[in-house]
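The values are calculated or read from the model by the stated rules, or taken from the named source; none is laboratory data. Values in this document were obtained by computation on a predicted structure and should not be read as measured data. Here the Cβ is made from the backbone with ideal geometry for all residues, glycine too, and neighbour counts use every protein chain on show.
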Amino acid sequence: MIDDSTIKNELKKYENLNNEQLFSQLAILSKDYYNFISSKKSDFKDEDISLFIDCYSEAMAEDTKEHSGSPFHTTGIMPEGFALNSKNENFKLTGIDLPGIHEWTVGPGKKLYKKFKIKFKDTICGKGGPYEQLEKGLLSQEDIPSAIVKVILTTSLTFTAFWLPIAVYVGLIIAKTTLKVYCED
């Protein structure tokens, strides 16, 4: 189980990134997670990975067809090992911001975010979610990102350390967009 302080610490690490950096790093993380899950599928229950696999597969399908089987076109080596680290509750994302990959991963990151945005919207904007809590004055602006991450983990993915980095990146993008814009879109 993940406690509030762990969620807030992880959010704090990345809160100063702009949206392009968040999109880029979400793409890199997701690619690593997809490859890790694909190679260790028997370690996971289908219900724990199906939402992620669906989002990733749908978002990457068009680019994969256009670019010889890979939606990522970098001149450098894609960093990896993040999913394995997260499975071991080590959230260091060393190398995720290597130069030379950013520009080629922003597009895939945006496509992934759009898929996650659709999947998480009812949970975040619906009854009892962070948006309703904010509208009723039960949630401060400061607590929006952690509330989004918690609701993603508890209702859409699984509340395990493994999914925390993905939830943090999606949660920060939503929070930076503003919850009101996200929910009323």
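Is it the case that some residue within segment 49-57 is acidic (Asp, Glu) and at pLDDT below 80? No, because not a single residue in segment 49-57 is acidic (Asp, Glu) and at pLDDT below 80. Which members of segment 143-185 meet the condition of being more than 13 Å from residue 48 (Cα to Cα) and among the β-branched types (Val, Ile, Thr)? Within segment 143-185, 144, 148, 149, 151, 166, 168, 170, 173, 174, 177, 178, 181 qualify. Here residue 174 fulfils each of the conditions (1) surrounded by 19 or more Cβ atoms within 10 Å (Cβ to Cβ); (2) over 16 Å from residue 14 (Cβ atoms) apart from (2). Quick one: count up the residues across segment 1-35 that are surrounded by 11 or more Cβ atoms within 10 Å (Cβ to Cβ) and within 20 Å of residue 113 (Cβ to Cβ). Looking only at that region, the number is 24.
Of note, residue 174 does not satisfy the criterion of being out of contact with any Lys or Arg (no Cβ under 6 Å at 6 or more places or on another chain), assigned to a helix (DSSP H, G or I) and under 18 Å from residue 91 (Cβ atoms). Count of segment 36-62 residues, restricted to those that are crowded, with 18+ Cβ neighbours inside 10 Å and of a type in the set (Val, Ile, Thr), is 2. Scanning segment 1-45 for residues that are touching an Asp or Glu at 6+ places or on another chain (Cβ under 8 Å) and without any contact (Cβ under 8 Å) to a residue 12 or more places away in the chain yields a count of 0. Restricting attention to segment 58-67, does a residue exist that is modelled with pLDDT under 75, farther than 19 Å from residue 167 by Cα and not in a helix (DSSP H, G or I)? Yes, some residue in segment 58-67 is modelled with pLDDT under 75, farther than 19 Å from residue 167 by Cα and not in a helix (DSSP H, G or I).
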